[in-house]
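Dumping the structure here so I can ask a few things about it.
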2 protein chains.
Amino acid sequence: MDAEPKNTGGKAEPWGDITPDAARRLVSAAVHAFAERGYHATTTRDIASRAGMSPAALYIHYKTKEELLYQISKVGHERALTIVERARDSEGTPAERLADAVRSFVRWHAEHHTTARVVQYELGALAEEHHAEVIAVRKATDGAVRSIIEDGVKAGVFDVADVRGTTVAVLSLCIDVARWFNTAGRSTPDEVGDLYAGLVLRMVGAHGEHQDGRP
Amino acid sequence: MDAEPKNTGGKAEPWGDITPDAARRLVSAAVHAFAERGYHATTTRDIASRAGMSPAALYIHYKTKEELLYQISKVGHERALTIVERARDSEGTPAERLADAVRSFVRWHAEHHTTARVVQYELGALAEEHHAEVIAVRKATDGAVRSIIEDGVKAGVFDVADVRGTTVAVLSLCIDVARWFNTAGRSTPDEVGDLYAGLVLRMVGAHGEHQDGRP
DNA sequence: ACGGAGAGTGAGCAAGCGCTTAGGCCCCGT
DNA sequence: ACGGGGCCTAAGCGCTTGCTCACTCTCCGT
């Protein structure tokens, strides 16, 4: 279905393409540790031992603990942005594109809830320069969602009084999935994605189509 | 308007009634520090110096740093629960009560966004026993919102396929306000509360009344 | 055969952490 | 007048933290 074989939203861990192997294990270990305890409560010894190596080995592949977080945060934010941009640029009515954006964005946050939790809730621990970089990606994500909503308003198929505020609300809804979603829980990523796509279409007052965004 | 003079949702800091004065200053300092940097990145020296005292003085009023977080988390969660319970138990249609709950819940999270950020996002740092206690309050909050939605569904004025999932979504929306709200930002707590009440009424498919929950 | 790069280790340093101790000041009931 | 509790500080203890250092092992091109 896709000309590019590179995986940007599949079920596997988003770190499959990192080399050497030890570096990949370190990132994966860091993601799990950061997600469980938070960045500041995680020690470099903890990360190293999860990756099956000595504390010193971490510094062969990454200069600092913060650089590990930066890698995770940067790649994660870019993946998330790609997802909404793909929906924004796809063909279809604004409702279809908005539903698609929400559905895949939510699904990503649910499937990769460990990574997503770090990406969405640990960015405050980044160094100032890295933080600014990541904030720029977040603004782009916000802009992508907003432009879909604006398209719907202009086309007269959405009824939104406060586009900016509603965009924030839509993103809130999606992002917060990373906080509460749990693999052992009641619903699957697909189910949550479908539910949320429907809720968002209602929020923007979409009319002239079914709730799932398909006319 | 209220027989009870005690403030449970006003604009002042929610810590006005703590005595002695030094203990109140410590809690307030801890709230600001935890909100800015997170629990684990905050040092007891930082809290003490913000409160204008020596590091050792903290331990006269609180046994540990974690106990400070526990006080903040417990009181904050109880305040939040009180707000939605009041809306649940008030008179009015389900739509009015749901709009009321969301409006005041969101307003609280926006007005007290510093406190709310600690309450909503730092509870993972609590000791196991305290954590369990706080989780129980959160479940009660979820139950209160869900019961309003269930009332609306039973009365035939809400159109909700997945009550549990929709409740989670509504709470997500409200809670996430604490993450992004900023006093210097574009909108006031009142504006966000009104906007979000309207969005939630749409999410539950409320009909037979205006969007603001008033028939 | 072998030198050098890459990848890893055990030991440990300086700094900072949560928290304790010993002691001092001030106010108040008797 | 004065003993005692409440409140506070300076100093510092024991420990953990992020990170470094000196060194070893393995692999590969020449």
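Connecting C-alpha atoms closer than 10 Å in a GNM of chain A, tell me which of A:194, A:100, A:17 has the biggest fluctuation.
Result: A:17 has the largest fluctuation of those listed.
Using the Kirkwood radius over C-alpha pairs as Rh, can you work out the diffusion coefficient of segment B:115-215 via Stokes-Einstein at 25 °C, viscosity 0.890 mPa s, in µm² per second?
For the chosen part, D equals 161 µm²/s.
Below 11 angstrom from the Cβ of residue A:176, what's the summed charge of the other residues (Lys, Arg +1; Asp, Glu -1)?
Net local charge, residue A:176 excluded: +2.
Let me know the shape class of the protein assembly as shown, please: from the alpha-carbon gyration tensor, a ≥ b ≥ c as square roots of the eigenvalues, rounded when a/c is under 1.5, otherwise prolate if a/b is greater than b/c, or oblate.
oblate
Applying 1/(1 + (r/R0)^6) with R0 = 45 Å to the Cβ-Cβ distance of residue A:57 and residue B:127, what FRET efficiency is obtained, to the nearest 0.05?
0.90
Expressed as a whole number of Å, what is the distance separating the alpha-carbon centroids of segment B:54-111 and segment A:49-106?
33
Net charge within 10 Å of residue B:101 by Cβ-Cβ distance, Lys/Arg positive one each and Asp/Glu negative one each, not counting residue B:101 itself?
Its environment carries a net charge of +1.
May I pose another question? Efficiency by 1/(1 + (r/R0)^6): what FRET value for residue A:17 and residue B:66, r their Cβ-Cβ distance, R0 = 45 Å, to the nearest 0.05?
0.65
Restricting attention to the alpha-carbon atoms of chain A, what are Rg (one decimal) and Dmax (integer), both in Å?
For chain A, the Cα radius of gyration and maximum Cα-Cα distance read 18.5, 61 Å.
Further, regarding this structure: Could you check the simple spin-label distance between residue B:207 and residue A:37, using points 7 Å along Cα→Cβ, in nm with one decimal?
Once both label points are built, they end up 5.4 nm from each other.
A further question follows. Helix-derived [θ] at 222 nm for chain B: sum -39500 (n - 2.57) over DSSP H runs of at least 4, divide by residue count, nearest 500? All intermediate terms of the calculation are to be shown ahead of the outcome.
Values: 10 runs with 139 residues, N = 215.
Dividing the helical sum by the residues of chain B leaves -21000 deg cm²/dmol.
For the rotation bringing A onto B, which A residue has its Cβ nearest the axis, and at how many Å?
Axis relating chain A to chain B; nearest Cβ residue and distance: A:40, 2.
In the neighborhood of residue A:57, defined by Cβ-to-Cβ distances under 15 Å, what is the net charge if each Lys or Arg adds +1 and each Asp or Glu adds -1?
Taking every Cβ under 15 Å from that of residue A:57, the sum is +3.
What chymotrypsin sites (Phe, Trp or Tyr not before Pro) in segment B:90-156 are in a loop by DSSP, with at most 15 other Cβ atoms within 10 Å of the Cβ?
Working: sites: B:105, B:108, B:121; in loops: none.
Loop-located and lightly packed - none at all.
How long are the three semi-axes of the equivalent ellipsoid for segment B:62-112, computed from the Cα gyration tensor as the root of 5 times each eigenvalue, in whole Å, largest first?
Semi-axes, largest first: 29, 11, 5 Å.
Moving on. Got the residue A:52 label distances to the other copies yet, label 7 Å along Cα→Cβ, in nm, shortest first?
For residue A:52, the inter-copy label distances come out at 5.7 nm.
Sort segment A:91-133 into rounded, prolate or oblate with this rule: let a ≥ b ≥ c be the square roots of the eigenvalues of the Cα gyration tensor; rounded if a/c is under 1.5, and if a/c is not under 1.5, prolate when a/b is larger than b/c, oblate otherwise.
Since a/c reaches 1.5 but b/c is at least a/b, the shape of segment A:91-133 is classed as oblate.
Rounded to the nearest 10 degrees, what's the angle between the helix B:128-154 long axis and the longest principal axis of chain B, both from Cα atoms, 0 to 90?
20
Measuring from the lowest to the highest alpha carbon on each principal axis, how far does segment A:14-62 reach, largest first, in angstroms?
Cα extents, longest axis first: 27, 25, 16 Å.
Any read-out appearing in this document is the output of simple, stated calculations on the displayed coordinates, not a laboratory observation. A quick note: this is a predicted structure, and the numbers were derived from the prediction, not measured. Heads up, the Cβs are rebuilt from the backbone with ideal geometry, glycines too, and the neighbour counts pull from every protein chain shown.
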